[in-house]
Amino acid sequence: MAEHQVLFCPFCRESFEGRSTCPDHELTLVSFDRLRPEERPHEPDEEPDPRAPERPVDERPLALLDPRYGRGTVALGGLLALVALGLRPLELPGFDLVRTYQLARAIPSLWTLLLVAFTVAFVLSRRRTPRALRSLRVLVPLLALVSPASLAWALVRLGGTGGHPLGAAVYAVALSSLLLVAGGLRLGVHPPGRQ
């Protein structure tokens, strides 16, 4: 190796002169022509390059529908918020066909159920590594408060329950919030023994 040869870290792709290992990742530096293309997708039938170092578990991207690391619980919570739009908020006699989405026309704050479902789907599709998921551990539990607050506000605007039993939408929103809090606090957390 020439003394002034510039070599690159195969993980972070930073260049170093006069070094043989990356100071941050402790990987052997390689020449520019041995760097793997960064944007090239890995084909399923293609053998991985044995020379390339394996990414740390925290940096490995998860599949879009991978339920691990709390993603499944959070996704289910978002789905339940969406389902609640099609359910009845109150069991009113003679109003069996009144659904939450129909009330949302008169009380627009109920559309936040749709917004919560969309936001959950969006952040789970964008944050696909355990490390990136951990950055959502505050946002998702806070997001869990939006749906019940919106539904409670809508019921107050309707004059309360008026002694009528709560409908399935209320229970779906409550379960959705519990799932969002439980899954949100576990986002990106490695299962025991997989550090």
Residue match in region 154-166 (condition: among the aliphatic types (A, V, I, L, M) and closer than 12 Å to Val120 by Cβ): no
Scope region 110-168; condition surrounded by fewer than 17 Cβ atoms within 10 Å (Cβ to Cβ), of a type in the set (S, T, N, Q) and free of Cβ contacts under 8 Å to residues at least 60 places away in the same chain; matching residues: Ser135
Unique residue being closer than 30 Å to Glu59 by Cβ and either in a helix (DSSP H, G or I) or within 18 Å of the chain's Cα centre (by Cα) (or both) when the list is Leu155, Leu175, Leu185: Leu185
Conditions (1) surrounded by 17 or more Cβ atoms within 10 Å (Cβ to Cβ); (2) at negative phi; (3) part of a loop (DSSP other than H, G, I, E, B): number failed by Tyr69: (2)
Selection status of Gly162, outside any helix (DSSP H, G or I), more than 30 Å from Arg60 (Cβ to Cβ) and touching a strand residue (DSSP E or B) at 6+ places or on another chain (Cβ under 9 Å): yes
Subset tally (residues that are charged (D, E, K, R) and closer than 20 Å to Val140 by Cα) for region 67-98: 2
Hits in region 75-108 (condition: in a loop (DSSP other than H, G, I, E, B) and within 29 Å of the chain's Cα centre (by Cα)): Leu85, Gly86, Leu87, Arg88, Pro89, Arg99, Ile107
Qualifying positions in region 120-159 - among the charged types (D, E, K, R) and within 21 Å of Leu175 (Cβ to Cβ): Arg137
Criterion: at pLDDT below 90, closer than 23 Å to Cys12 by Cα and in a helix (DSSP H, G or I) - qualifying residue of Asp49, Asp58: Asp58
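Quick grid of which residues meet (1) aliphatic (A, V, I, L, M); (2) at pLDDT 80 or above; (3) not assigned by TED's automatic domain parsing to the domain that holds Val170:
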position	(1), (2), (3)
His4	no, no, yes
Pro10	no, yes, yes
Pro37	no, no, yes
Glu43	no, no, yes
Arg88	no, yes, no
Ile107	yes, yes, no
Qualifying residue in region 112-122 (condition: assigned to a helix (DSSP H, G or I), over 17 Å from the mean Cα position of the chain (by Cα), assigned by TED's automatic domain parsing to the domain that holds Gly167 and at pLDDT 90 or above): yes
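The values are calculated or read from the model by the stated rules, or taken from the named source; none is laboratory data. Since the model is a prediction, treat every value here as computed from it, not as a measurement. Neighbour counts run over all protein chains shown; Cβ positions are idealised from the backbone, glycine included.
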